[in-house]
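S.K.: Questions regarding the structure given below will be posed in turn.
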Amino acid sequence: MAKKVAFLQGNEAAAQGALYAGCNFFAGYPITPSTEVAEVMSAELPKVGGKFIQMEDEIGAMAAIIGGALAGSKTLTSTSGPGLSLKQELIGYACIAEIPCVIYNVMRGGPSTGMPTGPSQSDVMCAKWGTHGDHPAICLVPASVQETYEEVIRAFNLSEKYRTPVMVMPDEIVAHMRERIVFPEPGEVAVIERTVPTVQPEQYKPYDTSFGDVPPLAAFGSGYKFHVTGLNKMQDGFPTTKAAIVQAEEERQVRKVDGNVDDIVKYEEYLLDDAEIVVVAFGSTSRSARFAVNEARKQGIKAGLFRLITFWPFPEKQLLALSKKVKAFITPEMNLGMATGVVKGVVEGNAPVHGIFRVDGEPINPGQILDKMKEVK
Amino acid sequence: MEKKLPTIEIIEKYCKGCHICVEFCPTKVLEMQGFVASVKNLEACIKCMQCELRCPDFAIKVTA
Amino acid sequence: MAFDYEKYIRPGKLPHIWCPGCGHGIVMKGLIRAIDTVGLKKENTAIVSGIGCASRLPGYMDCCTLHTAHGRAAAFATGVKMAKPEMDVILVGGDGDGTAIGGNHFIHACRRNIDMTYIILNNKIYGMTGGQFSPATPTGAKASTTPYGNPDAAFDIAKLAIGAGATFVARGTAFHANQIDKLIAEAIQHKGFSVVEILDDCPTTYGRRNKFKSVIEMMNHLKEIAVPVKAAEKMSPEQLQGKVLTGVLYKEERPEYTDEYAKVIERAKGAK
């Protein structure tokens, strides 16, 4: 049987991906350029008995998806720049309380209100450093409509598997462009459910590390009574300031992600085998980069593309290895050097890193990247 | 007939010495002993339960 | 017969953190008696709070308890209730948490009329941070950040709740201890968003700055200012000067949010 095919916008695909992953709760607040996700969810969720709520503000939406997740739902919110800034308080809460949920953030011009309809890639640092304190961070950066669909499913899976919030961050171009999308059959893509406790309610501890770094999470209303707080806590969920426990718990929370980098990091290598000049790019910029690489090859330049699909955790190991073989990196991005700085740190001076930065609301075009290749070759 | 006296249990480790039970007892059954409440005159107790009801610290249990 | 509060308190959690003479413990006891009266199941009851002294209350309760971020209790609780409408949801918090940083979530929970009970322990001050003025601090009062007297006007929290659309609004005081459980029980049984404001004392950070010589004086002050709504009907505006109405202040029947959303699900399924 032929697979179901559609012509969809990135944001619409994100909503469809969430539904495939079993999302049954959405809370949001209107914001350009991500509102289509809320619109689709408001129409589709009740059809399958799911819940949609438009909250009074961005913070409220983030709070509601944490509450919903704690009551056993798979939850999603969508937002953009200023909304992401507002949500940071409770993204930190979800990290420390270890509540799975997915935040879909469309990157637009910033800071502040910036350019609501202009594309940008300047929220990637906010995904890791936006909320205060040390915490795990997973951020996925799709480059197509199909990939947005797939990465939203993966975001739910990672969130449930590691009991932590996960961000999906397309830039505005990916979120608003329309492309052909092929839907997987039900069951074709694995959908991960969170591990729930098997112990008796009296024995249950919400942060019981005897089950490993990712303790089982019970749902409120499932017979288990337990306490959840944003304070540093012990295994039973109650606050503590005992130095050894706080240190161990913080390290465990970060280790959930940093200790599973190979499972979480996803990237694409394009024409890298003999590449001398490697473009490191993500989102819509990676599409220009691929075009530029193809053009460069026609002109005899040994160019390749390393495309980030997971931005956090960053594919440090892969880029470090690559840096020992190549002449130069080019890092085009719609910000003033966020990924560039990370790449520079990772490659330890093995190869020069040349950034191409745009924050004028215009995409980086292949010609700019090709010119840079010629300049540095 | 001999009057059956209630039991007033004061959990000293919960008591924070706020005086509320002493002040609002209508028959002056309780007093402060240092920083904690204590029973001074059990015979006067009319089992109104005001002390148990008002104690903010879950420190008083009256059993009639 | 002594009431068995321990049935609802997590073992080993007492004594609580509240200061000597703080009325929060009196309110907690009222809440426990109300839960017992109504017959709520502990494992099916979510108690949600924000940040502050009052917000530590859920940690003592042997239920599903959620100590959230400052001001956010109503929004977290909305998520819990939407996901599991069959759960009983109770919010607890202070005046600053609920009406300053949490003011937006508060009024919108009132407007939605989502079936939860919100107990606001109003001690007119930010206690945990050392006594800064809150939106409930009276004009002229002293706080650590109003050393020359408070220039701000105070919210009437119950009126705010009524104006925002809460369908059950009551007020009690920490002095009127035997009324607290009755107000909360009625609030829990009411279908819709219920607000119970309990006027409370903070001897540590409010009393000592505002010429209250003792806990007892603060408690007696609550006794003096409180006027039951029925009694107030027979009083003149002059007699009501400086008084605060207590009891059930407002009650109406209006469609409840999760019920309405259940209808949305039916309509959506029909439209498929």
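The values are calculated or read from the model by the stated rules, or taken from the named source; none is laboratory data. Note that the structure is a prediction, hence the values are computed from the model and not measured. Cβ sites come from the backbone with ideal geometry, for glycine too, and all protein chains shown count toward neighbours.
S.K.: Which residues, taken from region A:281-317, are under 30 Å from residue A:153 (Cα atoms) and surrounded by fewer than 16 Cβ atoms within 10 Å (Cβ to Cβ)?
M.R.: A:316, A:317, listed by residue number.
S.K.: Also, I was wondering about something else. Can you find a residue in region A:195-217 that is touching a residue at least 40 places away in the same chain (Cβ under 8 Å), closer than 20 Å to residue A:22 by Cβ and within 14 Å of another protein chain (Cβ to nearest Cβ)?
M.R.: yes
S.K.: Which ones in region C:43-70 are small (Gly, Ala, Ser) and either in contact with a Ser or Thr (Cβ under 7 Å, 6 or more places away or on another chain) or on the phi > 0 side of the Ramachandran plot (or both)? Walk me through how you get there before you give the answer.
M.R.: As a first pass, look at region C:43-70 and keep what is small (Gly, Ala, Ser): C:46, C:49-50, C:52, C:54-55, C:59, C:69.
Correct list: C:49, C:50, C:52, C:55, C:59.
S.K.: Please go through region C:114-132 and give me each residue that is crowded, with 24+ Cβ neighbours inside 10 Å and within 18 Å of residue C:157 (Cβ to Cβ), ordered by number.
M.R.: C:116, C:117, C:118, C:119, C:120, C:121, C:122, C:123, C:124, C:125, C:126, C:127 - these are the residues of region C:114-132 that are crowded, with 24+ Cβ neighbours inside 10 Å and within 18 Å of residue C:157 (Cβ to Cβ).
S.K.: Could you list all residues from region C:231-253 that are within 21 Å of the chain's Cα centre (by Cα) and without any contact (Cβ under 8 Å) to a residue 24 or more places away in the chain?
M.R.: Quick first cut of region C:231-253, residues within 21 Å of the chain's Cα centre (by Cα) only: C:243-253.
Scanning region C:231-253 gives a single hit, C:243.
S.K.: Assuming residue C:44 fulfils every condition listed in (1) touching a helix residue (DSSP H, G or I) at 6+ places or on another chain (Cβ under 9 Å); (2) more than 9 Å from chain B (Cβ to nearest Cβ) apart from one, which condition is it?
M.R.: Just one mismatch for residue C:44, condition (1).
S.K.: Scan region A:60-93 for residues that are within 11 Å of chain C (Cβ to nearest Cβ) and under 22 Å from residue A:16 (Cβ atoms) and jot them down.
M.R.: Those that are within 11 Å of chain C (Cβ to nearest Cβ) and under 22 Å from residue A:16 (Cβ atoms): A:61, A:64, A:65, A:68, A:69, A:73, A:74, A:75, A:77.
S.K.: Then there's this: When the residues of region C:1-40 are filtered to those that are assigned to a helix (DSSP H, G or I) and among the charged types (D, E, K, R), which remaining residue is farthest from the other protein chains (Cβ to nearest Cβ)? Let's see the steps before the verdict.
M.R.: Keep residues of region C:1-40 that are assigned to a helix (DSSP H, G or I), which gives C:5-8, C:24-38.
This time we only want the ones that are among the charged types (D, E, K, R), so: C:6-7, C:29, C:33, C:36.
Numbers: C:6: 8, C:7: 12, C:29: 7, C:33: 9, C:36: 14 Å.
Only one residue fits best here, namely C:36.
S.K.: Would you check if there is a residue in region B:32-39 being under 23 Å from residue C:30 (Cβ atoms), out of contact with any Phe, Trp or Tyr (no Cβ under 7 Å at 6 or more places or on another chain) and either more than 13 Å from every other protein chain (Cβ to nearest Cβ) or surrounded by fewer than 18 Cβ atoms within 10 Å (Cβ to Cβ) (or both)? Can you show your working first?
M.R.: Let us first name the residues in region B:32-39 that are under 23 Å from residue C:30 (Cβ atoms), namely B:37.
Cutting the leftovers down to out of contact with any Phe, Trp or Tyr (no Cβ under 7 Å at 6 or more places or on another chain) gives us B:37.
Now drop any that are not either more than 13 Å from every other protein chain (Cβ to nearest Cβ) or surrounded by fewer than 18 Cβ atoms within 10 Å (Cβ to Cβ) (or both), which leaves none.
No, region B:32-39 has no match at all.
S.K.: Follow-up. When you go through (1) assigned to a loop (DSSP other than H, G, I, E, B); (2) more than 19 Å from the chain's Cα centre (by Cα) one by one for residue A:314, which number turns out not to apply?
M.R.: (2)
S.K.: Name the residue, out of A:345, A:361, A:341, A:355, that is part of a helix (DSSP H, G or I) and in contact with a strand residue (DSSP E or B) (Cβ under 9 Å, 6 or more places away or on another chain).
M.R.: Details: A:345 fails: in contact with a strand residue (DSSP E or B) (Cβ under 9 Å, 6 or more places away or on another chain); A:361 fails: part of a helix (DSSP H, G or I); A:355 fails: part of a helix (DSSP H, G or I).
It is A:341.
Residues checked against (1) in contact with a Cys (Cβ under 8 Å, 6 or more places away or on another chain); (2) surrounded by fewer than 24 Cβ atoms within 10 Å (Cβ to Cβ); (3) not hydroxyl-bearing (Ser, Thr, Tyr):
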residue	(1), (2), (3)
C:5	no, yes, no
C:10	no, yes, yes
C:17	yes, yes, yes
C:36	no, yes, yes
C:45	yes, yes, no
C:49	no, no, no
C:76	no, no, yes
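S.K.: While we're looking at this one, here's another question. Report yes if residue A:192 is more than 14 Å from chain C (Cβ to nearest Cβ), buried (at least 20 other Cβ atoms within 10 Å of the Cβ), modelled with pLDDT of 95 or more and not in a helix (DSSP H, G or I), otherwise no. Quick ask: steps written out before the conclusion?
M.R.: Details: more than 14 Å from chain C (Cβ to nearest Cβ): yes; buried (at least 20 other Cβ atoms within 10 Å of the Cβ): no; modelled with pLDDT of 95 or more: yes; not in a helix (DSSP H, G or I): yes.
So residue A:192 does not fit the description; no.
S.K.: Would you check which residues across region C:53-72 are at the interface with chain A (Cβ under 7 Å from one of its Cβ atoms) and closer than 22 Å to residue A:223 by Cβ and list them?
M.R.: Initial filter on region C:53-72 (at the interface with chain A (Cβ under 7 Å from one of its Cβ atoms)): C:59, C:62-69, C:72.
Result: C:59, C:62, C:63, C:64, C:65, C:66, C:67.
S.K.: Would you say residue B:23 is within 14 Å of chain C (Cβ to nearest Cβ) and either more than 11 Å from the chain's Cα centre (by Cα) or of a type in the set (Ser, Thr, Tyr) (or both)? Lay out the reasoning, then the answer.
M.R.: On the way: within 14 Å of chain C (Cβ to nearest Cβ): yes; either more than 11 Å from the chain's Cα centre (by Cα) or of a type in the set (Ser, Thr, Tyr) (or both): no.
It is false that residue B:23 is within 14 Å of chain C (Cβ to nearest Cβ) and either more than 11 Å from the chain's Cα centre (by Cα) or of a type in the set (Ser, Thr, Tyr) (or both).
S.K.: Looking at region C:79-91, can you tell me whether even one residue there is more than 9 Å from chain A (Cβ to nearest Cβ) and within 14 Å of residue A:225 (Cα to Cα)?
M.R.: yes
S.K.: Further question on the same structure: Please determine whether any residue of region A:230-240 is more than 14 Å from chain C (Cβ to nearest Cβ) and loosely packed, with under 15 Cβ neighbours inside 10 Å.
M.R.: Within region A:230-240, the first condition is being more than 14 Å from chain C (Cβ to nearest Cβ), and the residues that meet it are A:235.
From what is left, the residues that are loosely packed, with under 15 Cβ neighbours inside 10 Å are none.
No, region A:230-240 has no match at all.
S.K.: Could you check region C:193-233 and list, in sequence order, the residues that are touching a strand residue (DSSP E or B) at 6+ places or on another chain (Cβ under 8 Å) and part of a helix (DSSP H, G or I)?
M.R.: Of all residues in region C:193-233, those touching a strand residue (DSSP E or B) at 6+ places or on another chain (Cβ under 8 Å) come to C:193-200, C:202, C:205-206, C:209, C:222-223, C:225-230, C:232.
Once the filter is applied, which keeps residues that are touching a strand residue (DSSP E or B) at 6+ places or on another chain (Cβ under 8 Å) and part of a helix (DSSP H, G or I), region C:193-233 yields C:205, C:206, C:222, C:223, C:225, C:229, C:230, C:232.
S.K.: Scanning for something touching a residue at least 60 places away in the same chain (Cβ under 8 Å) and surrounded by fewer than 22 Cβ atoms within 10 Å (Cβ to Cβ), does region A:270-280 turn up at least one residue?
M.R.: Yes; the residues of region A:270-280 include at least one that is touching a residue at least 60 places away in the same chain (Cβ under 8 Å) and surrounded by fewer than 22 Cβ atoms within 10 Å (Cβ to Cβ).
S.K.: Within the set of pairs 6+ apart or on separate chains, which have a first residue in region A:231-251 that is in the same structural domain as residue A:210 (by TED's automatic domain parsing), a second that is exposed (fewer than 14 other Cβ atoms within 10 Å of the Cβ) and at pLDDT 95 or above, and C-beta atoms under 6 Å apart?
M.R.: Within 6 Å, the pairs are A:250/A:134.
S.K.: Scan region C:82-109 residue by residue and report those that are in contact (Cβ under 8 Å) with a residue 40 or more places away in the chain, over 14 Å from the mean Cα position of the chain (by Cα), farther than 18 Å from residue C:31 by Cβ and part of a loop (DSSP other than H, G, I, E, B).
M.R.: C:85, C:86
S.K.: Next up: Can you spot a residue in region B:14-36 that is aliphatic (A, V, I, L, M) and without any contact (Cβ under 8 Å) to a residue 12 or more places away in the chain? Spell out the reasoning first.
M.R.: Step one: filter region B:14-36 for residues aliphatic (A, V, I, L, M), giving B:20, B:22, B:29-30, B:32, B:36.
If we keep only those that are without any contact (Cβ under 8 Å) to a residue 12 or more places away in the chain too, we end up with none.
Checking region B:14-36: not a single residue is aliphatic (A, V, I, L, M) and without any contact (Cβ under 8 Å) to a residue 12 or more places away in the chain.
S.K.: Select, from C:223, C:263, C:269, the only residue that is within 14 Å of another protein chain (Cβ to nearest Cβ), of a type in the set (Lys, Arg) and under 19 Å from the mean Cα position of the chain (by Cα). Write out each step before concluding.
M.R.: Details: C:263 fails: under 19 Å from the mean Cα position of the chain (by Cα); C:269 fails: under 19 Å from the mean Cα position of the chain (by Cα).
Residue meeting the stated conditions: C:223.
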